[in-house]
1. With respect to residue A:397, determine if the residue is over 23 Å from the mean Cα position of the chain (by Cα) and modelled with pLDDT of 95 or more.
2. Yes or no: residue B:75 within 7 Å of chain A (Cβ to nearest Cβ), in contact with a strand residue (DSSP E or B) (Cβ under 6 Å, 6 or more places away or on another chain) and either part of a strand (DSSP E or B) or surrounded by 15 or more Cβ atoms within 10 Å (Cβ to Cβ) (or both)?
3. Taking segment B:45-59 only, how many residues are facing chain A (nearest Cβ under 7 Å), part of a loop (DSSP other than H, G, I, E, B), crowded, with 24+ Cβ neighbours inside 10 Å and touching a strand residue (DSSP E or B) at 6+ places or on another chain (Cβ under 8 Å)?
4. Output the residues belonging to segment A:130-149 that are part of a strand (DSSP E or B) and closer than 30 Å to residue A:104 by Cβ.
5. Can you pull out the residues in segment B:151-171 that are farther than 16 Å from residue A:259 by Cα and either at the interface with chain A (Cβ under 7 Å from one of its Cβ atoms) or modelled with pLDDT under 85 (or both)?
6. Pull up segment A:311-332, narrow it to residues that are facing chain B (nearest Cβ under 9 Å) and under 15 Å from the mean Cα position of the chain (by Cα), then point me to the one that is modelled with the highest pLDDT.
7. Looking at (1) assigned to a loop (DSSP other than H, G, I, E, B); (2) surrounded by fewer than 24 Cβ atoms within 10 Å (Cβ to Cβ), which is the one condition that is false for residue A:318?
8. Any residue at all in segment A:553-565 that's within 14 Å of chain B (Cβ to nearest Cβ) and surrounded by fewer than 15 Cβ atoms within 10 Å (Cβ to Cβ)?
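The values are calculated or read from the model by the stated rules, or taken from the named source; none is laboratory data. Bear in mind that the values here come from a model prediction, so they are computed numbers and not experimental data. Cβ placement follows ideal geometry from the backbone for every residue including glycine, while neighbour counts extend to all protein chains displayed.
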């Protein structure tokens, strides 16, 4: 289940005690050779006039081995209508080619395998035809084989520019990769400014190189943005295969070779970890050599893409923060991370997640979402969540998995109005309840998957859940609260600070009519209760006054069901030296 | 937010070697988290990739003068009883490690594991010490993640990667970084 290589024994250092702070940290020129192209030109492509009348000289922008012929037909000018000459040269040139990038795979026993770099098609990326004045003459998108096509006037001095952007319509998406350490400048791959020549066809194949040479990234890492995009391409096409009508908002990817796993100013590369930020709809990707580079780690990229899909096509209230496969975390975090793991496996059609790191990217952290044996199974555990979701998707029966529904019913559930407007919070329960309702023939088999992960609650709210992971105050999943009723709930940081499974308790608050209501939370003097209120997946309000022993909010509320989230501030302040078991009496009254 | 505040307070007590005019060299700027606090994120947090639940809880940013040898204290937080193996390496152009490069630790009752890294500053610039951590919890779960310490030697110079690309503007005036293609023209 786990792979780690190159670990050698060394000296043991004893621990010293300092203050405890848990840091939740928080993408030939001249056409002198006529040859069969690698692809057919698109039907009736527009004829492009470069408007360039300058002399055609070959200037290669490539710093490395371009195999382009340099037998430039200097002196040829591209006059406007041109069919040139008595030599019978073509008036229009079908300019086509393939765009590829270097893909560095993973060794079976860990680490990136630089000895087996392969050229992969850059699929679905934006390609521009640029003239000598740097004007964009035409734009297209590569096909599923990385091919592009233009029609251009003969003898036009043009170059091919490939944007690190994925673009699609129906379903629609736009994904860009830029450098967060360089003014968010977008990456582009560029060929040479050379003449389109006089033959009827010209082929220009562009390759983005890995930059790996002599045991390090000693050359420009041109492939990285396109490797990231290619992983995203697979994920987006998985979504499109399930729902061809989706419209996705723009997704930004920020990658830099300076992005390192220290936490600080993003503009300097201190992003802490590869991650998705819903705040700016951006996936930040690590790129620091010998520390952690993620551009070739499909699992990492697709995990973060999963967060974006959940955020934009469904809903997410995840707190984010620290988590690992066997931690017991807030049910929203567990679902979000488990979904991310499962989505990456579905998108790659590979159940193994791999994350390379370390010297020469020679080590790998990996796990298999088909490994159903965790240490902390339950509704609060991401391994349990990814296990259930992936088993619903896949056709591999790994023991007790007789379900093989594919991706469509999973996306349909998460994208449904029932799920998006659900008054409770995101967790495995509403997702599974809707999938079961929509796929009645598989209900029992899905229930078996849940039970194998010791998830026993049913319905949208996990009613009847008995798995408290040894901490009884975690159940029920939701308490019920209505006017005139009070309930006792407890917040603790036993499992972990801030986003632990026992930090926050949830109360379904039924409001009988539109009116003003008061929520009152009382505890002992060593407590500092705080609250958040949610309505149908939307954040409604929070009250986090630094007031010992109580928190009171009076607010006009609408008829219906709200979810009240209650916790002690000391259990959610990223400082595990403070807090502990804090119990409150929570009441609701009209007026 | 408390984490960020303490980082900046800690930094304010450290000697700053840069001149006032050297605006970019500021620990507040280095550590100034731009998006990843709950306050900035509203009610949502940043969603990180899977990995070991280990964090640097002490300083991540250090300042040395060229030629200076110092022990950098590293404080990690983890799960009580968790066994941690840390491999340490550095940007060899700018820093030289002067001690062991692997540490075997156990997270104590205060959720801490600490060690120090003797390092000598060789060249001005901003350099990284890599901490590659493998952990095993008391439950038996094995996980890993990379972390980093950032060492500023002397005054600010270009980023240490050495491959930072100059930007151009496209026809619409947007900044772009031109990556050279290996091109085949047929």
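1. On the way: over 23 Å from the mean Cα position of the chain (by Cα): yes; modelled with pLDDT of 95 or more: no.
Here the answer is no, as residue A:397 does not meet what is asked.
2. On the way: within 7 Å of chain A (Cβ to nearest Cβ): yes; in contact with a strand residue (DSSP E or B) (Cβ under 6 Å, 6 or more places away or on another chain): yes; either part of a strand (DSSP E or B) or surrounded by 15 or more Cβ atoms within 10 Å (Cβ to Cβ) (or both): yes.
Judged against the criteria, residue B:75 is a match.
3. First pass over segment B:45-59, keeping only residues facing chain A (nearest Cβ under 7 Å): B:45-53, B:55-58.
Among the residues that remain, those that are also part of a loop (DSSP other than H, G, I, E, B) are: B:45-46, B:49-53, B:57-58.
Those still in the list that are crowded, with 24+ Cβ neighbours inside 10 Å too: B:45-46, B:49-53, B:57.
Still in the running and touching a strand residue (DSSP E or B) at 6+ places or on another chain (Cβ under 8 Å): B:46, B:49-53, B:57.
Qualifying residue count, segment B:45-59: 7.
4. Just the residues of segment A:130-149 that are part of a strand (DSSP E or B), to begin with: A:130-131, A:136-141, A:147-149.
Within segment A:130-149, A:130, A:139, A:140, A:141, A:147, A:148, A:149 qualify.
5. B:155, B:156, B:157, B:166, B:167, B:171
6. A:311
7. (2)
8. No, segment A:553-565 has no match at all.
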